[in-house]
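Participant: Before I ask anything, here is the structure I am working with.
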Amino acid sequence: FDFFFVVYHSHSKAEDEVLLPALCAKGLAPEANKELRDEHDGQSASFEKMRLLLAHLRSENVNELDAARAAHLSALVNHLCEMVDSIKASVNLHFRKEEEELFPMLTRNFARAELDLLAGHILGNRSSELVDSYLRMIIADLPPGEKSAYIESLLRTAQ
């Protein structure tokens, strides 16, 4: 949870602080700016509720539970599962919007050098440990033919 939360937070922050201002500077998608920021705020609030519930559950001593306490904890775990399903659906919808709307808008309206600069701003604001963990996770899931293109793109961005 903690790693996913950090990746999500970094992702949202990159959109809010780099991509959305760049789009707005070109007069593009002001309504998308508000919509995406509202989604980020709602999802961040959901993640915070999940974090608090997880902290509570982690602090529980489950070695000796009576029936009432076990039922209560079971209900909390079920609630956590519902929260996970809800945030998963929300984040998946958000990512789909990005892939279908935001990213095409960026590629249509920004030159390759501008996109590389934006990506550099995003990566430059992340800790090297986070970037390393995140890139290893992404590269591990890429088909073999896409790995070298992805690495070349990262190298171009880092220049």
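Participant: Which residue pairs have Cβ atoms under 6 Å apart, sit 6 or more places apart or on different chains, and have a first residue in region 99-115 that is under 19 Å from Arg37 (Cβ atoms) and open to solvent by 60 Å² or more (accessible area, probe 1.4 Å) and a second that is in a helix (DSSP H, G or I) and not polar (S, T, N, Q)?
Facilitator: none
Participant: Within region 11-29, is even one residue open to solvent by less than 40 Å² (accessible area, probe 1.4 Å) and over 20 Å from Asn109 (Cα atoms)?
Facilitator: Yes.
Participant: Show the residue pairs that are 6+ apart or on different chains and have beta-carbon atoms under 8 Å apart, the first residue being within region 82-96 and in contact (Cβ under 8 Å) with a residue 24 or more places away in the chain, the second being open to solvent by 80 Å² or more (accessible area, probe 1.4 Å) and assigned to a helix (DSSP H, G or I).
Facilitator: So the pair list comes out as Met83/Lys49.
Participant: Looking only at region 69-79, decide whether some residue is under 27 Å from Asp116 (Cα atoms), touching a residue at least 24 places away in the same chain (Cβ under 8 Å) and either part of a helix (DSSP H, G or I) or more than 24 Å from the chain's Cα centre (by Cα) (or both).
Facilitator: no
Participant: Which numbered condition trips up Arg126, out of (1) at pLDDT below 85; (2) part of a helix (DSSP H, G or I); (3) among the basic types (Lys, Arg)?
Facilitator: Unmet for Arg126, out of (1) at pLDDT below 85; (2) part of a helix (DSSP H, G or I); (3) among the basic types (Lys, Arg): (2).
Participant: Say we look at region 41-56 and pick out the residues that are over 13 Å from Phe5 (Cα atoms) and free of Cβ contacts under 8 Å to residues at least 40 places away in the same chain; which of these is surrounded by the fewest Cβ atoms within 10 Å (Cβ to Cβ)? Break it down into steps so the answer makes sense when it comes.
Facilitator: As a first pass, look at region 41-56 and keep what is over 13 Å from Phe5 (Cα atoms): 41-42, 53, 55-56.
Still in the list and also free of Cβ contacts under 8 Å to residues at least 40 places away in the same chain: 41, 53, 55-56.
Numbers: Asp41: 12, Leu53: 15, Ala55: 9, His56: 12.
If we take residues in region 41-56 being over 13 Å from Phe5 (Cα atoms) and free of Cβ contacts under 8 Å to residues at least 40 places away in the same chain, then Ala55 is surrounded by the fewest Cβ atoms within 10 Å (Cβ to Cβ).
The values are calculated or read from the model by the stated rules, or taken from the named source; none is laboratory data. The structure displayed is predicted, hence computed values, not measured ones. Methodologically, a virtual Cβ is constructed for each residue, glycine included, from the backbone with ideal geometry; neighbour enumeration extends over all protein chains shown. For accessibility, only protein heavy atoms count, side chains too; no ligands or nucleic acids. Shrake-Rupley method; radii C 1.70, N 1.55, O 1.52, S 1.80 Å.
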